[in-house]
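If you scroll down you'll find the structure; I have some questions about it.
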Amino acid sequence: DQRFNPLAADARWQARWEQDATFVADDASAKPKSYILEMFPYPSGRIHIGHVRNYTMGDVLARYKRMTGHEVLHPMGWDAFGMPAENAAMEKGVHPGGWTRDNIATMRAQLKKLGFAIDWTRELATCESDYYGHEQALFLDLLEAGLVYRKESAVNWDPVDMTVLANEQVIDGKGWRSGAPVEKRKLSQWFLKITDFADELLDGLGDLDKWPDKVRLMQENWIGKSEGLTFRFAVAGSSGTVEVFSTRPDTIFGASFVAVAADHPLAQRIAADNADAAAFVARCKQGGTTAAEVETQEKLGFDTGLKAIHPLDANIALPIYIANFVLMDYGSGAVMGVPAHDQRDLDFARKYGLDVRQVVTPDDSADAVFEGDTAFTGEGRIVNSGFLDGMDVTAAGAAVTARATSENWGEATTTWRLRDWGVSRQRYWGTPIPIIHCATCGPVGVPKDQLPVVLPEDVDFKTPGNPLDRHPSWSQVDCPKCGGAARRETDTLDTFVDSSWYFLRFASQPKDRPFDPEIVRQWLPVDQYIGGVEHAILHLLYARFWTRALARIGMIDVKEPFAGLFTQGMVTHETYKAGDGSWLSPNEVKRDGADWTRIIDGTPVTPGRVEKMSKSKKNTIDPLPIVDQYGADAVRWFMLSDSPPERDLPWSEAGIEGAWRFVQRLWRLIGSVGKGGGETDKPLAQKLHRTIAGVGDDISALAFNKAVAKLYELANAIEKAKPSATRDDAIDGLVRLVAPMVPHLAEEAWAQMGRANNEDRGLIADAAWPVADPALLVDDEATIAIQVMGKLRDTMTLPKGMAKDEIEAAAMAREKIVAYVGDSVPKKVIVVPDRLVNIVL
Ligand code: ANZ
Ligand code: ZN
């Protein structure tokens with residue numbers, strides 16, 4: 001049987017790579033280093049198709065880098081703490097640790113079946129104390145450096161489950177499990193001072209030119225730097241003031257009201273002895289408080305009856321409202337409302353019948369009354385504004401700021417959207433925060449020689465809440481400072497902390513400290529990081545922050561952890577719906593001509609849209625049975641073909657079958673090597689060398705689908721070519737070029753072709769990437785148009801760079817031209833070398 005048997009080959013080469021330690025990265029290597037990293041998986045149970053696509057891309061790059069002479073670090077590990085393990089514990093009565101470690105074992109075996117070039121000696125799991133113990137040490141370092149602090153902060157409290165809920169567990173204001181209305185509770189929690197780094201994190205984006213623009217923009221918006229004026233309105237009839245922040249001080253004469261947040265001290269004070277105000281404030285708190293929720297809510301206000309005196313005209317008194325669209329934790333928790341030039345303010349003003357005064361005009365009109373329901377937010381000239389009239393918005397803003405500063409009622413300020421990172425989680429399955437609370441000494445860091453603070457194994461999930469809180473002995477310790485009875489912190493760290501430094505631990509994992517800075521210096525930054533765009537903001541921002549924080553305290557000298565970033569698209573699949581509207585999985589349906597039916601009862605099925613694979617729509621494909629059927633190489637090839645890697649990839653049976661057929665075609669080609677004699681075949685040689693150059697460029701640019709297309713073309717050309725020495729070379733080249741993508745087949749071919757003995761260690765994984773011959777990359781023939789009296793009459797192909805008289809002679813000798821010209825003697829012959837001959841009679 002001439003067929004390629006992937007299952008035997010996969011197992012054979014995977015065992016061989018493991019045995020030879022082929023992909024173990026050598027810290028001491030003198031080769032240029034390359035660090036290729038895919039976002040490490042959460043051990044949810046099984047490898048899904050998105051993982052396969054993600055890791056295949058990274059693997060192709062890693063293998064290509066090896067073949068081009070790099071020492072490659074391509075590690076794998078497990079982002080192993082988190083909620084699903086605790087949910088499994090509650091639902092199935094299994095221990096989160098057991099559940100997680102079982103999943104890791106399953107998924108590790110699955111990844112190994114895909115033949116990824118991973119250095120498994122560096123595998124880590126964040127749920128093991130030999131990882132999180134070092135994280136605790138780093139937390140203490142940051143605490144000592146003043147980058148960690150504790151403050152009261154609100155959490156979502158589920159009164160039935162008696163537990164704190166993450167924002168995503170609150171659905172329509174109710175606990176996702178209990179369905180009970182969620183309450184806000186204040187708890188003392190730990191925060192990391194990411195806001196200290198806001199400027200750096202923003203400026204640093206400018207250097208990340210190998211990151212997608214959209215990700216940089218998302219980070220920029222998240223950091224949210226706003227420059228403006230913070231200024232004070234006097235409150236009429238009192239000595240108090242209301243301070244507001246505005247990015248548009250130029251519009252100050254357009255203000256028609258002042259609004260404060262529901263938890264603003266002024267609102268609280270009024271609510272204290274006004275029942276209507278109190279009711280309004282209570283109502284505001286029911287709505288969502290995120291900026292996005294506030295944005296979409298109906299604008300509501302409560303007129304306090306108080307008036308604010310305009311700082312530039314004491315005759316103007318503006319009503320002061322409590323409003324639901326003003327956030328307490330942004331700026332100063334109060335705004336001046338300028339309805340003509342801010343949409344929210346306009347909605348509000350129309351609802352409450354407030355003045356709408358135009359102060360910026362795009363043309364020269366200067367109507368004082370603003371019509372319509374769309375605010376004008378563009379630039380223009382200032383009108384209706386006293387001393388500002390005629391200025392452009394920038395000059396007017398500066399003039400107001402200067403006046404405010406000199407008269408002492410305001411100052412230029414910068415406001416950030418970014419907030420400090422609250423890392424306390426009231427959960428069991430996470431890194432214990434290494435703090436001891438002492439009644440006398442307050443919170444005290446656990447001495448480093450007592451690390452790791454290990455999670456107790458003997459916990460139960462039968463009652464809701466944090467098992468660490470009710471453990472009989474774990475939290476009872478002596479204070480490290482005074483020796484008195486004290487209590488351990490029972491909160492654990494946000495799992496985003498775990499993923500904020502794992503790439504450092506991959507680079508270097510000594511037993512006694514988090515990493516060796518010298519080795520980290522050699523590997524970092526990660527040259528290419530690949531993962532889902534869902535991590536474009538938080539994970540990447542936290543990892544950037546953590547790296548900068550460690551750099552600031554002198555532990556490392558790299559500031560940006562990821563030099564290159566790539567966000568891959570999703571794998572999608574058709575969805576299917578039964579007659580009753582329920583979703584059906586692809587293996588419950590079959591196609592009948594143009595129709596689809598349900599296999600068990602033949603009832604009609606409606607095929608739905610192609611969507612991201614998800615359990616809820618049952619349109620998932622488990623990749624492992626497919627690997628078992630077609631082999632790893634066909635699956636890998638399919639993951640790279642067709643769709644550009646940043647786009648979605650629609651999974652299809654036809655696609656995987658096509659990949660399988662191509663693997664078999666490659667195998668037949670390889671079998672045909674060695675039939676040629678000494679002949680050369682220049683067009684094929686050119687094709688080969690152009691493919692070598694093109695595929696290398698494509699892989700470097702992560703344009704895998706383009707590389708695949710070129711490899712198809714090369715295979716076609718080889719199939720069509722007659723036996724020759726060139727053809728054998730082309731097959732040799734093709735095997736090397738496909739090796740990063742279909743490594744098992746390539747190793748098998750390498751051994752069969754007898755090449756294995758000639759090169760380093762006998763593996764194609766260690767073979768050299770072919771080098772394109774520049775002479776074969778140039779197009780050395782020119783197609784020349786021949787015109788008679790300006791009309792195209794013939795074309796000819798000549799070697800490039802021929803002399804004019806030779807070109808003319810060749811043209812005049814063409815049969816068709818002889819027929820046109822006949823006996824006449826041309827008046828003139830114009831020759832443009834390599835392009836054109838025009839004969840004038
Ligand atoms: C007057 C004004 C006139 C404004 C105008 C805008 C346009 P960014 O760019 O996001 O920083 N604002 C200030 N504090 C707020 C708070 N706590 N809650 C809700 N809104 C607040 O937005 C700055 C603008 O958002 C500020 O500038 C303020 O409205 C509003 F034609 O002041 B502006
Ligand atoms: Zn103490």
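Can you tell me which of 507, 486 is among the aliphatic types (A, V, I, L, M), at pLDDT 95 or above and farther than 27 Å from residue 562 by Cα?
The match here is 486.
Every residue, every condition in (1) closer than 24 Å to residue 276 by Cα; (2) near ligand 1 (Cβ under 7 Å from one of its atoms); (3) modelled with pLDDT under 95; (4) not small (Gly, Ala, Ser), yes or no:
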{"position": "325", "(1), (2), (3), (4)": "yes, yes, yes, yes"}
{"position": "341", "(1), (2), (3), (4)": "no, yes, no, yes"}
{"position": "349", "(1), (2), (3), (4)": "yes, no, no, no"}
{"position": "354", "(1), (2), (3), (4)": "yes, no, no, yes"}
{"position": "357", "(1), (2), (3), (4)": "no, no, yes, yes"}
{"position": "365", "(1), (2), (3), (4)": "no, no, yes, no"}
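Which condition number in (1) part of a helix (DSSP H, G or I); (2) under 19 Å from residue 562 (Cα atoms) is the one that residue 221 fails?
So residue 221 meets the others, but not (2).
As an exercise: evaluate residue 437 against (1) open to solvent by 70 Å² or more (accessible area, probe 1.4 Å); (2) in contact with a strand residue (DSSP E or B) (Cβ under 9 Å, 6 or more places away or on another chain); (3) away from ligand 1 (no atom under 16 Å from the Cβ) and give the number of the one condition it does not meet.
Failed condition: (1).
For every residue, the table says whether it meets (1) open to solvent by 10 Å² or more (accessible area, probe 1.4 Å); (2) aliphatic (A, V, I, L, M); (3) under 27 Å from residue 612 (Cβ atoms).
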site: 496; (1), (2), (3): yes, no, yes
site: 507; (1), (2), (3): no, yes, no
site: 514; (1), (2), (3): yes, no, no
site: 518; (1), (2), (3): yes, no, no
site: 556; (1), (2), (3): yes, yes, no
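For (1) modelled with pLDDT of 95 or more; (2) more than 10 Å from ligand 1 (Cβ to nearest atom), each residue gets a yes or a no:
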residue	(1), (2)
211	yes, yes
229	yes, no
233	yes, yes
256	yes, yes
268	yes, yes
273	no, yes
282	no, yes
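Follow-up question, since we're still on this one. Working only within region 69-104, note down all residues that are open to solvent by 50 Å² or more (accessible area, probe 1.4 Å) and either farther than 16 Å from residue 455 by Cβ or not in a loop (DSSP other than H, G, I, E, B) (or both).
Passing the criteria: 84, 90, 91, 92, 93, 101, 102.
To continue, here is another question. Taking helices (runs of 4 or more DSSP H) that fall entirely within region 718-791, which contain at least 3 residues that are over 28 Å from residue 9 (Cβ atoms) and of a type outside the set (D, E, K, R)?
Of the helices (runs of 4 or more DSSP H) lying wholly inside region 718-791, those with at least 3 residues that are over 28 Å from residue 9 (Cβ atoms) and of a type outside the set (D, E, K, R) span 774-777.
List every residue pair whose Cβ atoms sit under 6 Å apart, with the two residues 6 or more apart in sequence or on different chains, where the first one lies in region 80-106 and is hydroxyl-bearing (Ser, Thr, Tyr) and the second, anywhere, is modelled with pLDDT of 95 or more and open to solvent by less than 10 Å² (accessible area, probe 1.4 Å).
That search, which allows pairs on different chains as well, returns 100/43; 100/80; 100/127.
Look at residue 520 and say whether it is without any contact (Cβ under 8 Å) to a residue 40 or more places away in the chain, away from ligand 2 (no atom under 16 Å from the Cβ) and in a loop (DSSP other than H, G, I, E, B).
Here the answer is no, as residue 520 does not meet what is asked.
Next up: Return the residues of region 684-714 that are among the small types (Gly, Ala, Ser) and surrounded by fewer than 20 Cβ atoms within 10 Å (Cβ to Cβ); say none if nothing qualifies.
If the condition is that a residue be among the small types (Gly, Ala, Ser) and surrounded by fewer than 20 Cβ atoms within 10 Å (Cβ to Cβ), then 693, 696, 700, 701, 703, 709 are the ones that fit.
Considering only residues of region 308-331 that are touching a Ser or Thr at 6+ places or on another chain (Cβ under 7 Å) and outside any loop (DSSP other than H, G, I, E, B), which is nearest to ligand 2 (Cβ to nearest atom)?
Going through the qualifying residues, I end up with 322.
Pick out the one residue from 777, 798, 745 that is in contact with a helix residue (DSSP H, G or I) (Cβ under 9 Å, 6 or more places away or on another chain), closer than 30 Å to residue 631 by Cα and of a type outside the set (Val, Ile, Thr).
On inspection, the qualifying residue turns out to be 745.
Right, here's the next one. Out of all the residues in region 343-355, which are touching a Ser or Thr at 6+ places or on another chain (Cβ under 7 Å) and either under 23 Å from residue 281 (Cβ atoms) or surrounded by 19 or more Cβ atoms within 10 Å (Cβ to Cβ) (or both)?
349, 354
In region 471-510, what count of residues is obtained for those that are within 32 Å of the chain's Cα centre (by Cα) and among the basic types (Lys, Arg)?
1
Within region 470-478, is even one residue under 30 Å from residue 119 (Cβ atoms) and within 16 Å of ligand 2 (Cβ to nearest atom)?
No.
Within region 248-278, can you find the residues that are in a loop (DSSP other than H, G, I, E, B) and either within 16 Å of ligand 2 (Cβ to nearest atom) or free of Cβ contacts under 8 Å to residues at least 40 places away in the same chain (or both)?
Matches in region 248-278: 273, 274.
Still on this model: Is there any pair with a first residue in region 477-504 that is more than 30 Å from residue 535 (Cβ to Cβ) and a second that is among the acidic types (Asp, Glu) and more than 8 Å from ligand 2 (Cβ to nearest atom) whose Cβ atoms are under 9 Å apart and which are 6 or more apart or on different chains, and what are they?
Sorted first by the residue in region 477-504, then by its partner, the pairs are 484/478; 485/478; 486/478.
If we keep just the residues of region 136-174 that are more than 18 Å from residue 421 (Cβ to Cβ) and under 29 Å from the mean Cα position of the chain (by Cα), which is surrounded by the fewest Cβ atoms within 10 Å (Cβ to Cβ)?
The qualifying residue surrounded by the fewest Cβ atoms within 10 Å (Cβ to Cβ) is 172.
May I pose another question? Is at least one residue of region 444-454 open to solvent by 50 Å² or more (accessible area, probe 1.4 Å), more than 30 Å from residue 92 (Cα to Cα) and away from ligand 2 (no atom under 16 Å from the Cβ)?
Yes, some residue in region 444-454 is open to solvent by 50 Å² or more (accessible area, probe 1.4 Å), more than 30 Å from residue 92 (Cα to Cα) and away from ligand 2 (no atom under 16 Å from the Cβ).
Might you let me know whether region 563-575 holds any residue that is assigned to a loop (DSSP other than H, G, I, E, B) and free of Cβ contacts under 8 Å to residues at least 24 places away in the same chain?
Among the residues of region 563-575, not one is assigned to a loop (DSSP other than H, G, I, E, B) and free of Cβ contacts under 8 Å to residues at least 24 places away in the same chain, which makes the answer no.
Output the number of the condition that residue 292 fails; it satisfies all remaining conditions of (1) within 24 Å of residue 357 (Cα to Cα); (2) away from ligand 1 (no atom under 11 Å from the Cβ); (3) modelled with pLDDT under 95; (4) not β-branched (Val, Ile, Thr).
Of everything listed in (1) within 24 Å of residue 357 (Cα to Cα); (2) away from ligand 1 (no atom under 11 Å from the Cβ); (3) modelled with pLDDT under 95; (4) not β-branched (Val, Ile, Thr), residue 292 misses just condition (1).
So for region 637-647 (the condition being in contact with a helix residue (DSSP H, G or I) (Cβ under 7 Å, 6 or more places away or on another chain) and surrounded by fewer than 19 Cβ atoms within 10 Å (Cβ to Cβ)), does at least one residue qualify?
yes
So is residue 376 open to solvent by 30 Å² or more (accessible area, probe 1.4 Å) and more than 16 Å from ligand 1 (Cβ to nearest atom) or not?
Answer is no for this residue.
The values are calculated or read from the model by the stated rules, or taken from the named source; none is laboratory data. Computed from a prediction, not measured in an experiment: that's the story for all the values here. All Cβ positions, glycine included, derive from the backbone under ideal geometry; neighbour counts span all protein chains shown. Remember, those area values only see protein heavy atoms, side chains included, never the ligands or the DNA or RNA. Shrake-Rupley method; radii C 1.70, N 1.55, O 1.52, S 1.80 Å.
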